[in-house]
Every structure is written in structure tokens, then in C-alpha cells.
Ligand code: AMP
Ligand code: GLY
């Protein structure tokens with residue numbers, strides 16, 4: 001099977017390796033890709049905002065499957081165009097991608113599907129916003145209704161800051177603060193059947209001890225030794241399956257990866273958000289642990305044929321740590337030269353924001369590399385990831401030193 005993977009980040013590097021490892025994948029093309037991906041797949045320059053360029057490339061390469069990594073082309077409707085051209089695609093239609101593209105839409109679907117989430121108001125006027133803020137009180141949670149590249153959500157105790165953010169958005173969802181650990185749990189869906197993956201945890205803040213600004217994610221680990229033993233079953237029954245049934249009933253079946261961002265509160269699991277694609281950096285811990293061949297799995301989803309499929313997982317643990325460029329997330333510096341990457345057993349280094357200049361590898365993005373260590377437990381996986389990342393040189397770069405630390409201490413105590 002010839003496959004085209006769209007995207008260029010650490011997530012696509014991990015997905016690409018997974019697809020490449022499946023003997024069913026005979027030819028892997030990635031657009032635009034990155035220097036890490038270029039080591040095992042053919043990369044093609046592409047502007048991911050240009051839907052027709054994506055369709056033209058898929059037709060020209062005569063691929064049997066397109067896997068779309070990032071949300072932007074999905075929300076722009078690239079999956080509809082590919083399907084209309086007769087190409088199987090792993091990724092939701094424009095209508096179904098609204099689960100990520102509009103917070104208000106996601107809330108409406110959750111209400112109709114009976115899926116537990118934070119109580120919320122959708123507001124457009126200052127009066128509505130102030131009323132909603134005062135109804136919930138601090139901490140305030142204010143979300144831009146539309147896609148905002150990770151900058152749409154403000155959680156603050158400062159009412160003025162909350163109101164300023166609300167006023168800066170056209171339409172906002174203001175909601176109840178959910179207290180409890182956050183978990184990312186992904187479902188692979190063919191529109192009728194959805195299969196839950198094992199949970200992962202992502203670290204969103206830039207600096208240690210969950211301080212500093214929100215980012216796209218600074219690290220992740222999986223599985224979660226502390227999570228309730230029924231978390232997969234419970235999330236499937238109460239959240240993933242009802243969402244897939246509701247989307248199909250609306251005539252907009254969700255085919256692709258449904259990302260549930262969850263808060264495990266004292267009152268049960270609540271949905272914080274949905275995304276319509278694999279999470280980054282969670283994918284960099286999930287794909288290395290997934291034993292089920294990825295190309296066949298995603299093809300079955302894309303061709304509505306998932307029923308009866310079961311996922312097989314390694315019983316090991318993975319921890320990934322993101323190396324970020326100086327100034328990330330507000331003003332990342334690009335152009336820095338990255339030293340030679342270490343080669344350490346059971347460690348994978350995924351490229352996220354890199355390019356190759358003559359002979360040097362240079363940083364081109366805020367999140368530059370993602371370093372995943374695999375081990376028999378969190379301590380071993382962390383040791384490997386941190387040993388590797390400490391050997392990478394990039395002036396001004398930084399990484400969090402506490403990814404999976406608490407969970408690893410708790411695991412050792414047990
Ligand atoms: P999002 O962009 O929707 O992933 O939100 C970014 C982050 O804001 C989440 O990972 C949470 O840490 C936080 N957040 C979003 N909604 C809530 C909520 N209702 N209660 C508490 N924290 C939230
Ligand atoms: N890890 C967060 C995201 O992919 O949105």
C-alpha cells in the first residue's frame with residue numbers, strides 16, 4: 001500500500017515510523033515532512049494550508065491512503081476533497097472536524113450525546129461574558145470558540161484578565177473550572193466503530209512544576225500507572241462511543257482520530273476538549289508502544305472496516321521530553337545549529353522543528369525535537385529520555401526536567 005502522510009512535526013515523525021514499520025506499507029510519502037522523516041520516507045514540499053496541493057499530490061503519487069496529521073487541513077475540509085477524488089483518508093470531514101474547530105459545536109454535540117463536560121455558556125457580548133464569569137467564579141476558564149493554535153484558552157483567577165481575553169475573541173465559551181488530573185485518551189474511529197487507545201498524560205506548561213505559559217505540550221508518558229483500572233472502558237462507554245453515535249446520527253460521521261482531553265474530577269470523568277487528530281507529543285509515546293501494525297489499522301478506519309479489531313500494546317512504558325527553542329512559546333528563536341544527535345539504545349529522537357542547511361541540522365520551530373525513552377517502568381524510560389536529551393546541544397534551548405517525575409516516584413513507592 002502506498003501512503004501519503006501530511007504534516008511535519010514530531011507527531012508525524014512518530015506516525016511515519018509506525019506506518020513505515022508495517023509491512024503492508026510498501027511506499028511512504030510525507031508532505032512536507034522533516035529531516036528526521038526524510039531518513040526513511042520520501043518527502044515532498046507542500047503548504048499544508050493548500051488543500052488542492054494536497055489532493056494533487058495524492059493523485060499524482062497514486063496513493064491508496066492519506067493520513068492527515070495536523071488540524072488545519074482537516075478543519076479546512078481536505079478530507080472531503082480527498083474522498084471526492086476516490087482516495088481513502090484517515091481524518092475527519094470538515095463538518096466532523098468542527099469538534100476541534102469550534103468549542104461551541106463540541107459542547108452542543110456533547111449535550112446531545114449525554115457526554116459529561118464542564119457546564120458552560122457561549123457568549124458574544126460583554127454583558128453575557130461578565131454574567132458567565134460571575135456565575136462560575138474563579139478560577140475562570142475562557143475559551144476562544146475557534147482554532148487558535150494553542151493560544152485560545154485562558155485559565156486565571158484574575159477576573160479582568162479573563163474578561164480581556166473574552167473581549168479579544170469574537171465568540172467565547174466560558175466554563176466551569178474542572179479540578180483533577182488531566183488525561184489524553186484517543187479513539188481510532190471508522191465512523192461507526194471506535195477503538196480506545198491506552199491513556200497518556202501531556203505536560204502543557206512551559207516550565208517545571210507546571211509553571212509558565214501554556215504550550216503545545218512539553219512532554220508526555222504512557223501508560224499511567226496511577227489511573228483507574230477501568231479508565232479505557234469507562235471513557236469508551238461514556239464518551240467515545242456516544243460521540244461517534246451522535247456524529248453518525250447527525251449525518252457527519254467522524255472518521256479519524258478522536259482525541260479526548262479529560263479531567264478526572266471527584267465527580268467523575270469530564271471532557272475538557274476534543275481534538276480531531278493525534279495529539280503531539282502524546283503520539284510520540286503511544287506509537288512506539290503500539291504493536292498493532294499502524295498502516296493496516298488506519299486503512300481499516302479510513303475504509304469503515306474497524307469492527308472486531310483489537311489493539312495490541314507493548315507492556316513497556318514510554319516517556320517523551322520536548323526540547324524547545326529559546327523563547328518558546330511566545331517568540332521562539334530559529335536558526336540555531338543542533339549538535340550531533342546521540343544514539344542511545346531504546347531511545348527515539350523525533351524531529352519537530354528542524355531543517356537541514358548544507359551539512360548542519362538547524363532549529364526552525366518552537367518545539368525542535370522530542371526525545372522518547374522506552375523502559376520497563378517510568379524510572380527506566382525517564383532515565384533513557386533524559387540521558388539522551390542531555391547530550392543534545394542547541395544554544396538557548398530548554399526542556400522540562402520533571403516529565404513523569406511524580407508518577408515515577410509514586411510508582412517506585414508502590
Ligand atoms: P485546551 O486548549 O482546550 O487544551 O486547553 C488548554 C488547557 O487549559 C487544558 O489542557 C487545561 O489544562 C486547561 N483547561 C481547559 N479547560 C479547563 C477547565 N474547564 N477547567 C480547568 N482547566 C481547563
Ligand atoms: N498535546 C496537546 C495537543 O496535541 O493538542
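In Å, the Kirkwood hydrodynamic radius of region 160-228 over pairs of distinct alpha carbons?
15.2
Sort largest first and round to whole Å: the equivalent ellipsoid semi-axes of region 24-170, each the square root of five times a Cα gyration tensor eigenvalue.
They are 39, 17, 13 Å, listed largest first.
222 nm [θ] for the chain, helices only, -39500 (n - 2.57) per DSSP H run of 4+, per residue, to 500? Don't skip to the end; give the middle numbers.
Working: 14 runs with 122 residues, N = 414.
Rounded to the nearest 500, it is -8000 deg cm²/dmol.
Plugging the Kirkwood radius over Cα pairs into Stokes-Einstein for region 222-310, at a temperature of 10 °C and a viscosity of 1.306 mPa s, what D comes out in µm²/s?
So the translational diffusion coefficient is about 108 µm²/s.
Take the Cα coordinates of region 56-111, assign each an equal point scatterer, and use the Debye formula without solvent to give log10 I(q)/I(0) at q = 0.13, 0.19, 0.24 Å⁻¹.
-0.35, -0.64, -0.87
Hey, what's the Cα Rg ratio for region 272-371 versus the globular rule of thumb, 2.2 N^0.38 Å? All intermediate terms of the calculation are to be shown ahead of the outcome.
Numbers: Rg = 17.0 Å, N = 100, 2.2 N^0.38 = 12.7 Å.
Dividing the Cα Rg of region 272-371 by 2.2 N^0.38 Å gives 1.34.
For region 103-200, restrict the atom set to alpha-carbon positions and state the Rg and Dmax in Å.
Just the Cα atoms of region 103-200 yield Rg and Dmax of 15.0, 44 Å.
Given N residues in region 327-414, what is Rg(Cα) / (2.2 N^0.38 Å)?
1.20
At a threshold of 8 angstrom on Cα-Cα distance, excluding pairs fewer than six apart, so keeping six or more, what relative contact order does region 132-201 reach in percent?
Values: 103 pairs, mean separation 20.3, N = 70.
It rounds to 29 percent for region 132-201.
When you have a sec, figure out the Kirkwood radius of the chain from all distinct Cα pair distances and drop it here in Å to one decimal?
21.6
Bear in mind these aren't lab numbers, they're just calculated from the coordinates by the rules spelled out. Fair warning: this is a prediction, and the values are worked out from it, not measured in the lab.
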